[in-house]
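Visitor: Quick one: structure below, then a few questions.
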Amino acid sequence: MAVAIELADGPRVTLGYMKQNLNHAITGTLESALDLEALHHTLSAGTEDHHEAAAAFVEKRAPRFVGR
């Protein structure tokens, strides 16, 4: 239950990308899996949650993710 709560409070957009990456890794090629990973990494870097995570790290506080 603690893990579920931690995931629910996490950066939902990026966690969704991670789930897509894992599902694709099962059926796709290594090359396509790495391409998808790179795309999702780039997209994640532009989210509000990424900016919040970076700010929280610098300010030494827990991040408050909003799912965008």
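None of the figures in this text is laboratory data; all of them are computed from the coordinates on show. Note that the coordinates shown come from a computational prediction; the quantities given were computed from them, not determined experimentally. Using ideal geometry, Cβ is built from the backbone for each residue, glycine included, and neighbour counts are taken over all protein chains shown.
Visitor: If I fit a long axis through the Cα atoms of helix 30-45 and take the longest principal axis of the Cα atoms of the chain, what angle between them do I get, 0 to 90°, rounded to 10?
Guide: 20 degrees
Visitor: Now for a separate question. With mean projected area of the Cα convex hull in nm² defined as stated, name the option among (i) 7.6; (ii) 5.2; (iii) 3.9 computed from the structure displayed.
Guide: Label of the calculated value: (ii).
Visitor: Roughly how big is the chain's charge dipole about its Cα centre, with Cβ charges of +1 (Lys, Arg) and -1 (Asp, Glu), in debye to the nearest 20?
Guide: For this selection, approximately 220 debye.
Visitor: Continuing with this model, one more query. Using helices alone, what [θ] at 222 nm do you get for the chain, with -39,500 (n - 2.57) per DSSP H run of 4 or more residues, divided over all residues and rounded to the nearest 500?
Guide: Mean residue ellipticity at 222 nm (helix-derived): -23500 deg cm²/dmol.
Visitor: Right, next: Can you tell me the orientation of helix 12-27 relative to the chain, as the angle in degrees between its alpha-carbon axis and the longest Cα principal axis, to the nearest 10?
Guide: 20 degrees
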